[in-house]
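Colleague: Provided herewith is a single structure, encoded as structure tokens, for subsequent inquiry.
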Amino acid sequence: MSPTISINDSQRLQLKPLEIPSKLLLGPGPSNAHPTVLQAMNTPPLGHLDPDFLGLMDEIQSLLRYVWQTENPLTIAVSGTGSAAMEATIANAVEPGDVVLIGVAGYFGNRLVDMAGRYGADVRSITKPWGQVFSLDELRKAMETHRPTILALVHAETSTGARQPLEGVSELCREFGTLLLVDTVTSLGGVPIFLDEWGVDLAYSCSQKGLGCPPGASPFTMSPRALEKLQRRNTKVANWYLDMTLLSKYWGSERVYHHTAPINLYYALREALRLVAEEGLANCWQRHQKNVEYFWDRLEDVGLSLHVEREYRLPTLTTVRIPEGVDGKAIARQLLTEHGIEVGGGLGELAGKVWRVGLMGFNSRKENVDRLIEALGQVLPK
Ligand SMILES: *Cc1c(COP(=O)(O)O)cnc(C)c1O
């Protein structure tokens with residue numbers, strides 16, 4: 001037997017060994033991975049039940065508790081990108097009919113609405129213009145109206161560059177017997193987070209933004225209160241791959257096979273987290289803040305303005321207003337083709353109005369800011 005479908009000559013021409021051009025990824029993610037992380041990834045895989053690999057998983061769990069500032073025993077990495085970890089929180093926490101209140105002030109709030117609806121939640125949402133955040137008073141009013149089982153908020157709205165303050169929200173949730181679910185995809189590693197102090201019950205993140213790692217292994221955590229709700233469920237978790245009643249047996253002491261872990265991505269995540277620990281979490285947060293403030297100043301020097309009020313700006317993602325009469329897409333394309341720098345465009349309400357610039361993880365460095373400002377000076381009309 002020989003294959004009957006062949007690769008034709010024109011396709012064969014493209015099958016050279018892989019060569020990827022080097023680019024500076026200053027968009028909303030992925031960000032460039034740290035060289036040490038890439039090196040860790042380029043290490044032979046172990047078996048997913050090998051004691052050495054299980055030890056590495058334990059280290060990932062401890063390191064994740066550190067970067068999130070939580071003691072939740074169920075703190076793991078989900079195999080998949082941030083959206084998989086997002087879906088894991090919803091799939092495990094929501095039972096059909098549960099009232100889920102979602103704060104929508106950007107693209108990712110809407111994604112939560114979509115996901116919660118798919119798992120049968122009775123979804124209620126509150127909205128704000130993109131770039132703004134919810135006040136505690138606004139949240140209280142909505143809680144009084146909807147009395148939800150779960151309140152879901154996006155800590156770092158990557159589509160707008162706004163940071164939703166979380167202080168005081170858990171007291172509100174306790175008052176109404178509500179679980180607090182928070183998207184920390186663009187905040188983990190770059191923005192101060194205190195999950196336990198803030199009383200967050202469910203949180204998720206990704207590897208390719210603030211942690212400086214390739215995408216594919218995504219942090220997930222669940223408080224003992226959220227775990228109790230999971231254990232009381234009347235129905236099975238509707239997603240087999242992300243079911244924490246099964247996954248916790250692989251990550252916990254039982255070590256029961258569930259699915260083959262993406263071994264090399266876990267190496268990478270472990271190394272990225274180790275680098276955060278080596279730098280020190282507080283230093284890491286400070287570095288992000290210092291470099292982004294330098295970036296904001298330099299932007300103002302060249303006459304560009306920012307979309308979000310200073311108090312609520314994220315250190316990891318900045319929305320820069322596209323000046324009147326400038327073709328934002330053409331400028332982004334020029335940055336990429338002529339300068340090898342990627343920046344993002346606006347989504348939804350902000351489409352065509354802003355560029356989104358990420359300074360995340362390994363990329364949060366002064367030299368990257370200088371390189372982007374210099375390139376902008378060359379491509380922007382005088
Ligand atoms: C990037 C992002 C996600 C989705 O993560 P993926 O890794 O792209 O699947 C979810 N929420 C927010 C706030 C994000 O920025």
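Bear in mind these aren't lab numbers, they're just calculated from the coordinates by the rules spelled out. Note that this is a predicted model, so its numbers are computed, not measured. Don't worry about glycine lacking a Cβ; one is built from the backbone with ideal geometry, like all the others, and counts go over all protein chains shown.
Colleague: When both residues are 6+ apart or on different chains and their Cβ atoms are under 8 Å apart, which pairs have a first residue that lies in the range 250-264 and is loosely packed, with under 13 Cβ neighbours inside 10 Å, and a second that is of a type in the set (Phe, Trp, Tyr) and in a loop (DSSP other than H, G, I, E, B)?
Modeller: His259/Tyr241
Colleague: In the set Ser83, Ser79, which member is within 23 Å of Gly212 (Cβ to Cβ), within 16 Å of the ligand (Cβ to nearest atom), surrounded by fewer than 19 Cβ atoms within 10 Å (Cβ to Cβ) and not charged (D, E, K, R)?
Modeller: Details: Ser79 fails: surrounded by fewer than 19 Cβ atoms within 10 Å (Cβ to Cβ).
Matching residue, one of Ser83, Ser79: Ser83.
Colleague: How about the range 86-114: which of its residues are away from the ligand (no atom under 16 Å from the Cβ) and assigned to a loop (DSSP other than H, G, I, E, B)?
Modeller: Val94, Glu95, Pro96, Gly97, Asp98
Colleague: Right, here's the next one. Is it the case, given these coordinates, that Glu311 is within 16 Å of the ligand (Cβ to nearest atom), in a helix (DSSP H, G or I) and either farther than 19 Å from Gly29 by Cβ or in contact with a His (Cβ under 7 Å, 6 or more places away or on another chain) (or both)? I'd like the intermediate steps shown before the answer.
Modeller: Working: within 16 Å of the ligand (Cβ to nearest atom): no; in a helix (DSSP H, G or I): yes; either farther than 19 Å from Gly29 by Cβ or in contact with a His (Cβ under 7 Å, 6 or more places away or on another chain) (or both): yes.
No: the conditions fail for Glu311.
Colleague: Next question, about the same structure. Please enumerate the residues belonging to the range 333-367 that are in a helix (DSSP H, G or I), over 21 Å from the mean Cα position of the chain (by Cα) and in contact (Cβ under 8 Å) with a residue 24 or more places away in the chain. First the steps, then the outcome.
Modeller: Residues of the range 333-367 that are in a helix (DSSP H, G or I), as a first pass: 333-339, 348-350, 361-363, 366-367.
The next check asks that each one be over 21 Å from the mean Cα position of the chain (by Cα); those that pass are 333-339, 366-367.
Residues satisfying the conditions are Gln334, Leu335, Leu336, Glu338, His339, Lys366.
Colleague: Could you pull out every one of the helices (runs of 4 or more DSSP H) wholly within the range 215-299 that has 1 or more residues that are within 29 Å of Pro51 (Cα to Cα) and in contact with a Gly (Cβ under 9 Å, 6 or more places away or on another chain)? Steps first, answer last, please.
Modeller: Values: elements: 224-231, 244-251, 263-279.
It comes to 263-279.
Colleague: How about the range 107-125: which of its residues are in contact with a Gly (Cβ under 7 Å, 6 or more places away or on another chain) and either closer than 20 Å to Glu309 by Cα or crowded, with 19+ Cβ neighbours inside 10 Å (or both)? Before the answer, list the steps.
Modeller: So the first thing to find is which residues in the range 107-125 are in contact with a Gly (Cβ under 7 Å, 6 or more places away or on another chain), and the list is 107, 109, 120, 122-123.
If the condition is that a residue be in contact with a Gly (Cβ under 7 Å, 6 or more places away or on another chain) and either closer than 20 Å to Glu309 by Cα or crowded, with 19+ Cβ neighbours inside 10 Å (or both), then Tyr107, Gly109, Val123 are the ones that fit.
Colleague: While we're here: For the range 157-170: of the residues being away from the ligand (no atom under 14 Å from the Cβ) and in contact with a helix residue (DSSP H, G or I) (Cβ under 9 Å, 6 or more places away or on another chain), which is nearest to Ser125 (Cα to Cα)?
Modeller: Here the answer is Val169.
Colleague: If you don't mind, there's one more thing I want to ask. Sort out which residues of the range 126-149 are under 19 Å from Glu167 (Cα atoms), charged (D, E, K, R) and part of a loop (DSSP other than H, G, I, E, B), and write them in order of number.
Modeller: Lys128
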